[in-house]
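Asks: Input: one structure, supplied below.
The values are calculated or read from the model by the stated rules, or taken from the named source; none is laboratory data. Not measured: the values here are computed from a predicted model. Glycine gets a Cβ as well: all are built from the backbone with ideal geometry, and neighbour counts include every protein chain shown. The protein model used for the area step is the full one, side chains on, heavy atoms only, and it has no ligands, DNA or RNA in it. Shrake-Rupley method; radii C 1.70, N 1.55, O 1.52, S 1.80 Å.
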Amino acid sequence: TVDDFKSINKPFTKNEFTELMSFAESEESPIEKILREAIEKSDLPRPEIQYSMVENERLITKPDFAYIDKKLAIYADGYLYHKSKESFERDRNIDRWLQRNGWKTLRFPGGLIYRNVQICMADIKSFF
């Protein structure tokens, strides 16, 4: 609904921003954790986490979650790592590579995951 999507555009609260800044790059991010826990609480099968996709011995991408049998790559896109022009272009290049290889991509912004993870879950469930 329109109200659901209005919540996406709200700025992060101080607590949300502090939490986002507190994790190390190698750790699961707060938004990845929220989405993973929602998936685990659902009736969905467990996805592969940080699934490496390689072409010609070169790492192309590591979706946060992947359903290999469905060829579904899911990304929890935090603003801090996806706000620059370069990261936007990189993400579109990855999406095109995935599409060329028969994969579907879901990208969820951090604000949506924080404020209404059920919208994300409905999108994921539509593939099952």
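Asks: How many Å² of accessible area per residue for segment 23-128, probe 1.4 Å?
Replies: 58
Asks: Further question on the same structure: Which loop chymotrypsin sites (Phe, Trp or Tyr not before Pro) in segment 57-125, with loop taken from DSSP, have no more than 15 other Cβ atoms within 10 angstrom of their Cβ?
Replies: Details: sites: F65, Y67, Y75, Y79, Y81, F88, W97, W103, Y114; in loops: W103.
Loop-located and lightly packed - none at all.
Asks: Here is a follow-up. Tally up the carbon and sulfur contribution to the accessible surface of segment 49-128 as a whole percent, 1.4 Å probe, everything protein left in place.
Replies: Carbon and sulfur atoms account for 49 percent of the accessible area of segment 49-128.
Asks: Please work out how much accessible surface E89 shows to a 1.4 Å probe, ignoring ligands, DNA and RNA, in Å² rounded to 10.
Replies: We get 90 Å² for E89.
Asks: Alpha carbon centre of segment 93-109 versus segment 36-76: separation in Å?
Replies: Between the Cα centres of segment 93-109 and segment 36-76 lies a distance of 11 Å.
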